[in-house]
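The values are calculated or read from the model by the stated rules, or taken from the named source; none is laboratory data. Nothing here was measured: the structure is a model prediction, and the numbers come from that model. FYI the Cβ positions are ideal-geometry reconstructions off the backbone, even for glycines, and counts take in every protein chain you see.
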């Protein structure tokens, strides 16, 4: 098994590169379409998932040449990703996705030199487990972002690409079969490969995703995924024959249980949104222990995906397909993955791509049920492949050190950062900021999380309300910018509406502990309206916070305004801030303004002040306070200096 080291690492790097490249491809397309909130020709970039068929005619004549061509393309495109503009990332990540998928198919018969028999299935499954462990490590290192996909960590991609090239030199790639006779089970196995990769990409490769679905304990989720992935490698290397004890019926049952538990994990946090304008708001508080049970069952069951991948690779190796036999599986696999990507995205933007998106409203569970259900079906319909491995070997110390280092590093980075220390005893004022970050992209569609963080640090607000911060999903490459900001700033945080609810995102960050956190949903007819609520205690007084981002018809906006006033009616100190999507001549705005004080107009009645003219149509980001609170020094910073497409707004609030 010492000879297997290069094969396992080749697959690990390729699986990791697939998750990163495919994620960047979908993200860059989404960001460009985010500028006009519509679906256009840029969405055709997903056709890169079909692109491996372009090399099929050359498999027989140039097998080794294709391996090195696709490696060179992988090395250059994946390495360049962190440094490119969004429009350039579409082509680069698409080319990287094409190259990585092609390499998978070219390495179906790969084995280490001097190895008697290719055990591609086992090596690939261990490669997937290692890739998952590395992905979790990179995500925790980047505090919610993949460290290797940001400029500061771009060197990691080049280093892994260089390792991939050196490892490929140690492999025997095998020969493409001469027979053109169609083989059974090839299409379903390739489809199964696509589905397993998609499920890992959608969820387990970025623990923040699962944590944001469920409000689960982030550190515990990270530890479980990392431990079970890396532990699977150790166990499989020491006792490879134990995997053969899982019977076909047991494997089907294991997959079925994962399907049920993953679906139940999402459904347990599904919100019954108010169906009519007259319906009362729906209040969502911290999940109960019972609601978290499916989550931890899912985390314990997910390693079955490693067995599934091994089964699909072994079936392909046994079938010895000709290049032509691969085409139907590539086309079907790419098509279904694309459908699942759109289904996933439409659950979040159901009000924007009519008529196809509205049926996906509140159906966030559907793509995950389809993924796991289809994998289970393919496992059930296929045949078990007998393994030729008869015994384990002594584990080389390098494996133990490497896996141990990855795990320890992951755990350390997953622990919460120290919180900023403030003395609340004598405070009589707070600086509050509202910041629509547009998923941490600027007005030109380029990532701007570093510029946004620098601006927040400069202002150093006591309370920070973020809108359009719901990015821990595949359309934004599973990036958790709320965690990134909170951990870098040392703030307490409440994510607000979970990613499964289909809102813009309304997160609250604070230098003070957040109490009684909850999300309130009101009637909506465009995107879900979820306001994040919390309380803080400062110098003996309790202040109620409301971070809002409503949108929709005049009716929906009026329902939101009435709900906000009703829920804050009896609170002594109120701060309501956010992207209200309301101008001062609209009825919903005037209703709120009749009860609370607008920070900007209370100081600048003409709406022009501090060198900024906010008297036009664009002033929709507001800070309202209860009449017993004073306001001074309000500011707006306009794009592009705000590093987003909205003005960033803050002010100092004081009391006696």
- Determine which member of the set 95, 159, 80, 129 is buried (at least 22 other Cβ atoms within 10 Å of the Cβ) and either in contact with a strand residue (DSSP E or B) (Cβ under 9 Å, 6 or more places away or on another chain) or closer than 30 Å to residue 480 by Cα (or both). 129
- (1) within 21 Å of the chain's Cα centre (by Cα); (2) outside any strand (DSSP E or B) all hold for residue 507 apart from (2)
- Any residue at all in the stretch 258-265 that is at pLDDT below 95, closer than 25 Å to residue 198 by Cβ and out of contact with any strand residue (DSSP E or B) (no Cβ under 7 Å at 6 or more places or on another chain)? no
- Counting only residues that are surrounded by 15 or more Cβ atoms within 10 Å (Cβ to Cβ) and more than 32 Å from the chain's Cα centre (by Cα), which one in the stretch 572-582 is farthest from residue 524 (Cα to Cα)? 573
- Message: Any residue that is more than 19 Å from residue 504 (Cβ to Cβ), surrounded by fewer than 24 Cβ atoms within 10 Å (Cβ to Cβ) and under 26 Å from the mean Cα position of the chain (by Cα) - is there at least one of those in the stretch 553-569?
- Response: no
- Segments classed as helices (runs of 4 or more DSSP H), wholly inside the stretch 204-323, with at least 1 members that are within 26 Å of the chain's Cα centre (by Cα) and under 15 Å from residue 379 (Cβ atoms): 248-267, 289-301, 304-319
- Query: Looking at (1) outside any strand (DSSP E or B); (2) modelled with pLDDT of 95 or more, can you tell me which one residue 542 breaks?
  - Reply: (1)
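Each row is one residue, and each column tells you yes or no for (1) closer than 23 Å to residue 236 by Cα; (2) assigned by TED's automatic domain parsing to the domain that holds residue 27; (3) without any contact (Cβ under 8 Å) to a residue 12 or more places away in the chain.
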site: 129; (1), (2), (3): yes, yes, no
site: 134; (1), (2), (3): yes, yes, no
site: 152; (1), (2), (3): no, yes, yes
site: 155; (1), (2), (3): no, yes, yes
site: 159; (1), (2), (3): no, yes, yes
site: 162; (1), (2), (3): no, yes, no
site: 165; (1), (2), (3): no, yes, no
site: 169; (1), (2), (3): no, yes, yes
- Within the stretch 56-67, restricting attention to residues that are surrounded by 15 or more Cβ atoms within 10 Å (Cβ to Cβ) and in a helix (DSSP H, G or I), which residue is nearest to the chain's Cα centre (by Cα)? 67
- Would it be correct to say that residue 261 is within 30 Å of residue 501 (Cβ to Cβ), touching a helix residue (DSSP H, G or I) at 6+ places or on another chain (Cβ under 8 Å) and surrounded by 20 or more Cβ atoms within 10 Å (Cβ to Cβ)? yes
- Task: Would you check which residues across the stretch 616-638 are touching a helix residue (DSSP H, G or I) at 6+ places or on another chain (Cβ under 6 Å) and more than 16 Å from residue 582 (Cβ to Cβ) and list them?
- Result: 631, 634
- Item | Candidate set: the stretch 133-154, residues that are within 19 Å of residue 220 (Cα to Cα) and more than 14 Å from the chain's Cα centre (by Cα); chosen: the one surrounded by the fewest Cβ atoms within 10 Å (Cβ to Cβ) | 141
- Identify, from the list 543, 653, 623, 575, the residue that is under 22 Å from residue 452 (Cα atoms) and in contact with a strand residue (DSSP E or B) (Cβ under 6 Å, 6 or more places away or on another chain). 623
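Condition check ((1) at pLDDT 95 or above; (2) loosely packed, with under 15 Cβ neighbours inside 10 Å) across all residues:
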position: 423; (1), (2): no, yes
position: 427; (1), (2): no, no
position: 445; (1), (2): no, no
position: 464; (1), (2): yes, no
- Selection from the stretch 532-552 of residues under 17 Å from residue 433 (Cβ atoms), in contact with a helix residue (DSSP H, G or I) (Cβ under 8 Å, 6 or more places away or on another chain) and crowded, with 24+ Cβ neighbours inside 10 Å yields 548
- Query: Are any residues in the stretch 641-656 within 16 Å of residue 573 (Cα to Cα) and not in a strand (DSSP E or B), and if so, which ones?
  - Reply: 655, 656
- Item | Residues satisfying the stated conditions in the stretch 612-640, i.e. in contact (Cβ under 8 Å) with a residue 24 or more places away in the chain and assigned to a loop (DSSP other than H, G, I, E, B) | 614, 617, 618, 619, 620, 626, 627, 628, 629, 638, 639, 640
- Under the condition of being in a loop (DSSP other than H, G, I, E, B) and modelled with pLDDT under 90, which residue from the stretch 390-421 is nearest to residue 140 (Cα to Cα)? 421
